[in-house]
Every structure is written in C-alpha cells, then in structure tokens.
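*Asks:* Sharing a structure here in structure tokens format.
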Amino acid sequence: MKKRIIYWWAMALVAILVPRGAMAQEWHFMPKIGFSLANISALETKARSGINVGVGAEYVFANEIAALETGVYYAMHGAYLKGNLAGYYLTSFMKNDYLNIPVLAKAYVYKGFNVFVGPQFSFNVKDNISMEYGGEKLGETNTTDLVNNFDLAIMLGAGYQFESGLFVNANYNLGLLAVFKEDEFDIVGENVTHSITDGKDTRNRVFQINVGWRF
C-alpha cells in the first residue's frame, strides 16, 4: 500500500513539473520510393541507375527536434564497365541488389528541414553480370559467389518534411566493406572476357533521391 501511494505521488509530481507536450513523442510510418545512382570504387566503372523502395519508421522525441529513423529498403546497386574492342563497345553491367536497413540519428534544424546520419546494414539478395558487344547481348552470369553477402555503409543526407505529410530527401551512402570476395577474377561472356583486379578494394558508392509520405 505504501509503495502504491509513493508511486501515485511520483506520477503527480511528474505531471506538475514536466511541461505540457514534453511527453508527446510520436511514431511515424514512412513509405518511400526513389532514384539512385550507384557505383563501385577502385574500378574504372560508370554509375548504374536504379530504384530504392521500402518502408521506414520515425520516432520523434518530445523536443520535436531530435528523431530516430530506421526502415527496410530494396535498393539497386552496382555499376557498369565500358570498353572499346575492334571499334565496338564491350559493356559489362554489374547488377547487385541489396536489402538496406539504415539506423539514423535525425535533427529537424529549421521547420521541416532536417539532416541525418548513421550506419546502414545491407544484405545482398541478387547479383548478376550481363555483357553486350556492339549492342548485342552476349549472355548473363550469376555472380552471387563473387559478391560479399553483407555490406556496411555510412549514410548522410538532408531532407524536408512538409506539413501535409509529403517529404523529400537526398542521401549519400559510403560503403565501408569490400563488394567482391576475391581480389582478381574474370567476367566471362561469349568469346570475350573482362578481367577485374583489386576486387577487395572495391566499395559501394550510392547517391539517392527519395520521395514519400509520413503518416
């Protein structure tokens, strides 16, 4: 009985001392879709364009400035190699797709304008390389055995949250781990081969622009 009285007195004291709204933390549900430009460092590659789509969740603290955000997103990463062989372009398209799970510290610095930074944990779900020569497809190879199953990146970016619920943001993901398992390997097509060196020095580099709705 005595403990119960102390508990209720403590709750009453909190209600008196804590400013109104200070305990009004909020959870938000945030589906979004976006455009991405992905590349792989240490290789003479060009960026692969793709999509980034998924669902996020945001926890806004009582001060309405600090927030935490996470989510699960399907993202197209990779790059492509382009060379000239006997007057025709030889192109190898590296298509590496991931499930990305960012964990972001977020700050609303002025009205709806916000900045965010944090780690992103990525799990490889699909890999293949297709080759074209002179506009003709030379085949496609599954490269799951060549690509590491896990990637870790630092995500940093900025966005704007409109009062209606619409939001836009842009971010850059800086991969910290090697994309490929081996240092040297060959990409083999029909009568052609692309040799990769320094595979263990490769890192994912991804720029994304997203739009979504916060509920």
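The values are calculated or read from the model by the stated rules, or taken from the named source; none is laboratory data. Everything numeric in this text was worked out from a predicted model, so none of it was measured. Every residue, glycine as well, gets a Cβ built from its backbone with ideal geometry; the counts of neighbours run over all protein chains shown. Just the protein is used for accessible areas: all its heavy atoms, side chains included, with ligands, DNA and RNA removed. Shrake-Rupley method; radii C 1.70, N 1.55, O 1.52, S 1.80 Å.
*Asks:* For 172, 108, what's the largest-to-smallest order of accessible area, 1.4 Å probe?
*Replies:* 172, 108
*Asks:* Where does the charge balance sit around residue 174 when Lys and Arg score +1, Asp and Glu -1, over other residues with C-beta under 10 Å from its C-beta?
*Replies:* Neighbourhood net charge equals +2.
*Asks:* Turning to a different aspect of this structure: Roughly how many Å² of residue 162 are accessible to a 1.4 Å probe, to the nearest 10?
*Replies:* Probe radius 1.4 Å; accessible area of residue 162 about 90 Å².
*Asks:* Give the aspartates and glutamates whose C-alpha is closer than 15 Å to that of residue 126, dropping any in the same chain fewer than 8 places away, or say none.
*Replies:* Answer for residue 126, where 15 Å is the Cα cut-off: 97, 140, 145, 151, listed by chain and number.
*Asks:* Whenever you get a sec, line up 179, 117 from highest to lowest accessible area (probe 1.4 Å, protein heavy atoms).
*Replies:* Ranked from most to least accessible, the order is 117, 179.
*Asks:* Then there is this: Pulled fully out, how much extra length does the chain show between residue 163 and residue 35, if you take 0.36 nm times their separation in residues and subtract their Cα-Cα distance?
*Replies:* Between residue 163 and residue 35, full extension yields 43.8 nm more.
*Asks:* Heavy-atom accessible area of residue 26 with all protein chains present, probe 1.4 Å, nearest 10 Å²?
*Replies:* Solvent-accessible area, nearest 10 Å²: 90 Å².
*Asks:* How would 92, 164 rank on accessible area, largest to smallest, probe 1.4 Å?
*Replies:* Putting 92, 164 in descending order of accessible area: 164, 92.
*Asks:* Ok, one more. Determine ³J(HN,Hα), in whole Hz, for all residues of the stretch 202-211 in sequence, where each value follows from phi through the Karplus function 6.51 cos²θ - 1.76 cosθ + 1.60 and θ = phi - 60°; x replaces Gly and Pro.
*Replies:* Along the stretch 202-211, the couplings run 6, 9, 6, 10, 9, 10, 9, 10, 10, 9 Hz.
*Asks:* Greater than 27 Å separation of Cα atoms is the criterion. Which listed pairs, 46/181; 46/111; 32/200; 82/106; 32/137; 46/106, meet it?
*Replies:* Beyond 27 Å: 46/111; 32/200; 82/106; 32/137; 46/106.
*Asks:* Please provide three numbers in whole Å: the alpha-carbon extents of the stretch 38-160 along the principal axes, with the largest listed first.
*Replies:* 64, 27, 23
*Asks:* Express in Å², to the nearest 10, the accessible area of residue 33 obtained by rolling a 1.4 Å probe over the protein heavy atoms while all chains stay in place.
*Replies:* My reading of the accessible area for residue 33 is about 90 Å².
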